[in-house]
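To start, the structure under review is shown below, and the notes come after it.
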Amino acid sequence: MTNVESTDVLVIGSGFGGAIPAYHLAAGGARVVVLERGPWLTAKEFDQDFLLGTSNTRIFDFVVGDGMSILGGNCVGGGSVVYFATMPRAPRFVFDRRGGIGRRMWPGSITRDALDPWYDRVCEALPVSMVSWDQVPYAGGLWASACAHAGRTANPVPSAVDVGLCTNCNWMMAGCKFDAKRSLLLNYLPAALAHGAEIRPLHEVQRLTRNDDGSYRVHYRMVDGEDYRVLHAAGAIDAKLVVLGAGTGATPVILRRSEADLGPMPHAVGRYFSGNGERLNTAVFDETRIREVLGLDRGDGTPYEAYQIGRGPTVAAWDRLDGNLPEYERFSLEQLYFPPGLGTILAQVPGVSDGPSWFGREKKEMLRRWQSWLTIFIMSEDDNEGVFGPPPQTGNADRLSQQMLGFGPLRYRPTANTLRGWSLADAEIKDILERDGLARVAPWTNDVIGAYTVHPLASCRIGDDPATSALDDRHELRGHPGIFVTDGSAVPGALTVNPALTIAALAERAMPGIVRAAQARGVTVRYGAPAPDGATAGRRAVASTS
Amino acid sequence: MKVDAPVPETSSGIRTMTIEAFADTILPGAKRHPEDRAVAGAAPGPGATVCGAVELLELPGGGLAPTLDALVGSLNEHADEYIATHGLRPDRDVPSFVALPFEDRTALVRGLTAPDHPEKQLWVGLALFSYMAFDSAAHLRTVDALADRHPGLTFLGFRQPDADGLFRFPRFSYGRKLADPHPQTTQTGSPR
């Protein structure tokens, strides 16, 4: 290491947990540096291509753990670049969840009502829009129709996709080539840059140390732009305040690796991980029954055969999001597209009794009908049973492939509560989709890579109880003043819906407090930036709460 | 099993044949020619082997390439144990795993990928790449694979892109309301 740079605020990660603080702090006058371990790609560099080494693997990480695998973003913009931009608010009962700790998991200061103005800010910033039925792709329509046939309701889900630009190509996990998806590359991040923030891609933060004056030194390694297994030069930056937004799978790993210098971390760092209660089922439809039972026709005599067409999940069934039901028995069921590669191996052949369920002769025949598949995404209430083991030598995983695939230290053994929720959800899906011979359905196997999640949460969570939360309700790391965490790891537990909007709303909510903390640590900064495009309705609405 | 060193006695012919047989167990297909030993011919149409499993696994970026010789050696050792345990008398002209009938290959792979098998992660990795050769042709540009009618993508019915190589589906919706929304939906479209 040659020289150490300095800044006011160092932000680790550039997904929702990093981009939102970077924007507000830069707009407020602070010097901000963002370190992002992944590359910096824009629309013209996003590929509609499965070839290894294209954006499909460059910006996406698949970290296999012991009993739980995490899929997430690895690029400037983080999860917002690879996600499906489905943006519901968490239902009211979620904030009263108790989980396994015998008390409310969420801080007393946060309820749905308290968070709604912050949800509004994010919805204005991205923006998030309602989706009309004529914008719902075939797969969402099929799910809605099946739900209605079974006496259930179904909703088009609010979305951060500009449907006027969207081509329904379903390549969203490789980045949106048409800039229809309103990722952070189109709002918070360019606004942060315009206010002087600096974003450095391919900088992987390894650990933090504390300086004598109470500031922090952030140590990073440069990552090779093509082969992420190769690390290059090391460096360090001093900052008066640090915001961690490295993601649920990385934030606790960085903090644990920093314990040697910073001292003990709160007990909840790297514990209480939640996979958002996620699980998938794949149905194979009988096209003839779709026409006969549901009366669906694409206009050319084809009932469906459209699994490939669309933009991820667009329609969800919320009948079980009922606060009167017992905890662990509430879930949403959302139609989903999952591309081939990772999206086929775990699907099981419905009704197979003898041979293997996830490979072999019958499975290949199931693939023949791939365009008649429909994947249903369960988001339920798990038990925060994930625990991170000792950090790997660098990063948050031992990388196997040059990009995407690695092995991480997370261990997850679903409890009876989690398993019961999954079982109830599986049964509900079966009841809806196998009715009148519409489809055959089976859950994805958990025997191959364990459970899996695209929405990791809670590994460094907020709360009121120091024994079971790593952060106070202002998102400051307990016992380590000046370190804040604003990514999905701060969310206390499973949300029963897609969490991106809640992660973003919590980051927005944390900003007035983080700005005050920065001021107290000698940073000249003020809070009060409008939305990234200059809109001010959201700012006015939260003025009374901050 | 140690996988960081190649197994010297394994020639490249044995390696290719054994990997082909494994991939064909994951997603089986028709024999490429009457004398095909690696592909068992357990199912009509393309399997993972003809889709390019070996080519994909040999790409250095995938991460398994340096371990393939060791994996092949281990797989054939497991096959030897299976043969001994089950009292089989296979043809010794080919690697042990290749010598197994399809149903026995399947039974062995089920055991190797079972939740409690200590080497499960390795065999699941090999299976994952076998899948990726079949269902996403991850060793090829997707537009080229589709233009050349890659057998796996074709089997899936994966649609072709526009003339400029980009995927667009201008007709995508049934265009009508198909269910009642939940009565507790808020004005912004979220659950209450």
Exercise. In degrees between 0 and 90, to the nearest 10, how far off the longest principal axis of chain A does helix A:138-149 point, with axes built from Cα atoms?
Worked result: 60
Exercise. Under the rule of -39500 (n - 2.57) per DSSP H run of 4 or more residues, summed and divided by the residues of the protein assembly as shown, what mean residue ellipticity at 222 nm is obtained, to the nearest 500 deg cm²/dmol?
Worked result: -8000 deg cm²/dmol
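With every protein chain kept in place and ligands, DNA and RNA left out, what is the accessible area per residue of chain A? Probe 1.4 Å, answer in Å². If you can, show how the numbers build up before the last one.
Numbers: 16200 Å² over 546 residues.
Heavy-atom accessible area per residue stands at 30 Å².
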Exercise. Which whole-Hz ³J(HN,Hα) couplings does the range A:288-295 yield from phi under the Karplus relation 6.51 cos²θ - 1.76 cosθ + 1.60, θ = phi - 60°, glycine and proline marked x?
Worked result: 4, 5, 4, 5, 6, 8, 9, x
For this session: Just subtract the alpha-carbon distance of A:D398 and A:M130 from 0.36 nm times their residue separation and send over the number in nm, one decimal.
Result: 92.4 nm
For this session: Can you work out the PRE-style zone for A:A260? Point 7 Å along Cα to Cβ, and I want the residues of the range A:189-207 with backbone N under 19 Å.
Result: A:204-207
For this session: For helix A:112-125, report the angle its Cα long axis makes with the longest principal axis of the Cα atoms of chain A; keep it between 0 and 90° and round to the nearest 10°.
Result: 90
Exercise. Counting only protein heavy atoms and using a 1.4 Å probe, what share of the accessible area of the range A:5-542 belongs to carbon plus sulfur, as a whole percent?
Worked result: 49
Exercise. Taking 0.36 nm per intervening residue step and subtracting the Cα-Cα distance, what contour gain separates A:E226 from A:R289 on full extension?
Worked result: 17.9 nm
For this session: Any chance you could give the angle, 0 to 90 degrees and rounded to 10, that helix A:500-520 forms with the longest Cα principal axis of chain A?
Result: 10
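Any idea what the alpha-carbon Rg over 2.2 N^0.38 Å comes to for the range A:5-542?
Normalised Cα radius of gyration, the range A:5-542: 0.92.
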Seminar exercise, completed: For B:K31, other-chain or 5+-apart residues with amide H closer than 5 Å (H placed, Pro excluded) are B:G41
Problem set entry | Sequence-distant residues sharing a close amide H with A:R210 (under 5 Å, placed H) | A:R217
Exercise. Counting Lys and Arg as +1 and Asp and Glu as -1, each charge on the Cβ, what is the dipole of the range A:5-542 about the Cα centre in debye, to the nearest 20?
Worked result: 720
For this session: Note the count of lysine pairs whose C-alpha atoms are less than 26 angstrom apart in chain A, limited to pairs 8 or more residues apart or on different chains.
Result: 4
Seminar exercise, completed: In the range B:165-181, accessible area falls by at least 50 Å² from chain alone to full assembly (1.4 Å probe) for B:L166, B:F167, B:F169, B:R171, B:F172, B:S173, B:Y174, B:R176, B:L178, B:A179
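Averaged over its residues, how many other protein chain Cβ atoms are within 10 Å of peptide A:48-60's Cβ atoms?
Mean partner shielding for this stretch: 5.
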For this session: Between A:R368 and B:D144, take the C-beta separation as r, use R0 = 25 Å, and let me know the FRET efficiency to the nearest 0.05.
Result: 0.65
Problem set entry | Proximal charge balance of A:A43 [Cβ under 10 Å; K/R count +1, D/E count -1] | +1
For this session: Could you go through the range B:53-66 in sequence order and give the Karplus-derived ³J(HN,Hα) for each residue, using 6.51 cos²θ - 1.76 cosθ + 1.60 with θ = phi - 60°, rounded to whole Hz, and x for Gly and Pro?
Result: 4, 5, 4, 5, 5, 7, 5, x, x, x, x, 8, 3, x
Exercise. Roughly how many debye, to the nearest 20, is the charge dipole of the range A:173-270 about its Cα centre, given +1 on each Lys and Arg Cβ, -1 on each Asp and Glu Cβ, and no other charges?
Worked result: 280
Seminar exercise, completed: In nm, the gap between the two label points placed 7 Å beyond Cα toward Cβ at A:T111 and A:D322 is 2.3
Exercise. Applying the Karplus parametrisation 6.51 cos²θ - 1.76 cosθ + 1.60 with θ = phi - 60° to the phi angles of the range B:132-142, what ³J(HN,Hα) value in whole Hz is obtained for each residue in order, glycine and proline being reported as x?
Worked result: 5, 5, 6, 9, 9, 6, 5, 9, 10, 4, 4
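Once you have a ≥ b ≥ c as the square roots of the Cα gyration tensor eigenvalues for the range B:12-156, tell me rounded if a/c is under 1.5, and otherwise prolate or oblate according to whether a/b is larger than b/c.
Details: a/c = 1.89, a/b = 1.43, b/c = 1.32.
In terms of gyration-tensor shape, prolate.
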For this session: Could you check the simple spin-label distance between A:T415 and A:R103, using points 7 Å along Cα→Cβ, in nm with one decimal?
Result: 1.6
Problem set entry | Built amide H within the under 5 Å cut-off of A:Y452, gap 5+ | A:S69
Exercise. In chain A, with Lys and Arg counted as +1 and Asp and Glu as -1 at Cβ, which of these residues, A:L438, A:L142, A:F285, has the Cα nearest the positive end of the dipole, that is, farthest along it?
Worked result: A:L142
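For the B and A pair, go ahead and give the buried accessible area with a 1.4 Å probe, both sides summed, in Å² to 100.
For chain B against chain A, roughly 6400 Å² becomes buried.
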For this session: Mind checking which of B:F158, B:A23, B:H86 is farthest towards the positive end of chain B's charge dipole, using Cβ charges of +1 (Lys, Arg) and -1 (Asp, Glu) about the Cα centre?
Result: B:F158
For this session: For an R0 of 35 angstrom, estimate the FRET efficiency from the Cβ-Cβ distance between A:A467 and A:S544 and round to the nearest 0.05.
Result: 0.60
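Report the local net charge at B:A79: Lys and Arg +1, Asp and Glu -1, summed over other residues whose C-beta lies under 13 Å from its C-beta.
Value of the local net charge: -3.
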Problem set entry | Heavy-atom surface of the range B:12-156, accessible at 1.4 Å and reported per residue (Å²) | 38
Problem set entry | Surface share of carbon and sulfur [accessible, 1.4 angstrom probe, percent] for the range B:12-156 | 54
For this session: Could you tell me which trypsin sites (Lys or Arg not before Pro) in the range B:71-122 are loop residues by DSSP with no more than 15 other beta carbons within 10 angstrom of their beta carbon?
Result: B:R92
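Mind giving me the FRET efficiency for A:V352 and B:D164? R0 is 45 Å, r the Cβ-Cβ distance, nearest 0.05 is fine.
0.60
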Problem set entry | Within-15-Å neighbourhood charge of A:S6 [Cβ basis; K, R +1; D, E -1] | 0
Problem set entry | Between the range A:495-541 and the range B:18-88, the Cα center-to-center distance that results, in Å | 54
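The values are calculated or read from the model by the stated rules, or taken from the named source; none is laboratory data. No experiment lies behind these values; they were computed from the predicted model shown. Neighbour counts are summed over all protein chains in view; Cβ atoms, including those assigned to glycine, are modelled from backbone coordinates with ideal geometry. Side chains included, ligands, DNA and RNA excluded: accessible areas come from the protein's heavy atoms. Shrake-Rupley method; radii C 1.70, N 1.55, O 1.52, S 1.80 Å.
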